[in-house]
Amino acid sequence: MQADGKPIGMVVGSFTSVSLDPPLVAFFPGRSSSSWPKIEATGRFCVNVLAEHQEPLCRALASKAEEKFAGFDYRFSNGGLPILDGVVAWIDCDLHAVHEAGDHYIVLGLVHSLDLEQPNKPLLFCRGGYGQFAPHSDVAKD
Ligand SMILES: Cc1cc2nc3c(=O)[nH]c(=O)nc-3n(C[C@H](O)[C@H](O)[C@H](O)COP(=O)(O)O)c2cc1C
């Protein structure tokens, strides 16, 4: 969230867990991203894991639109960051470190709260298209 109350967001496929103690996660924003410097300036971010039905939301957040969140509902985490309706899970983080890595950055986040939100499966991205887990590969449905 920016100081003016406007949400900032970008889609990352590069999200990954890093450390359990302390709890660290990472993602890799590109140097050409206009959203990343705004997120960096706030010192915090909330990872939203998109569900398989959220392709329109994903396309909106991956766009260069001014109002990427228009038409999508969200509430606030205890840390005051957006948790979008219908996501699988969310992870609230403080910005821990930023490292240069070629034309991207390696961003580490220190996790301070998280929760599962919906028993949905995540949205997948492969070869330029969106999809979902096939039932035979879904070993974690319970
Ligand atoms: C599936 C998917 C994965 C993406 N992963 C990344 C990523 O890991 N890092 C990144 O910088 N951009 C990634 N992008 C692109 C950004 O989401 C998008 O270009 C950017 O948010 C829009 O530009 P902006 O940062 O200037 O708002 C990805 C896009 C999609 C659709």
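Scanning the stretch 68-104 for residues that are within 13 Å of the ligand (Cβ to nearest atom), surrounded by fewer than 14 Cβ atoms within 10 Å (Cβ to Cβ) and either small (G, A, S) or within 14 Å of M10 (Cβ to Cβ) (or both) turns up A101, G102. G5 meets each of the listed conditions (1) open to solvent by 60 Å² or more (accessible area, probe 1.4 Å); (2) over 14 Å from the mean Cα position of the chain (by Cα); (3) more than 9 Å from the ligand (Cβ to nearest atom); (4) not β-branched (V, I, T) apart from (1). Listed here are the strands (runs of 3 or more DSSP E) enclosed by the stretch 1-115 that have at least 3 residues being touching a residue at least 12 places away in the same chain (Cβ under 8 Å): 24-27, 44-49, 82-84, 89-101. Of the residues making up the stretch 116-127, just one is surrounded by fewer than 13 Cβ atoms within 10 Å (Cβ to Cβ), of a type outside the set (A, V, I, L, M) and assigned to a strand (DSSP E or B), namely C126.
The values are calculated or read from the model by the stated rules, or taken from the named source; none is laboratory data. Values in this document were obtained by computation on a predicted structure and should not be read as measured data. So basically every Cβ, Gly included, is an ideal-geometry build from the backbone, and we count neighbours across all protein chains shown. Keep in mind that these areas ignore ligands, DNA and RNA; they rest on the heavy atoms of the full protein, side chains included. Shrake-Rupley method; radii C 1.70, N 1.55, O 1.52, S 1.80 Å.
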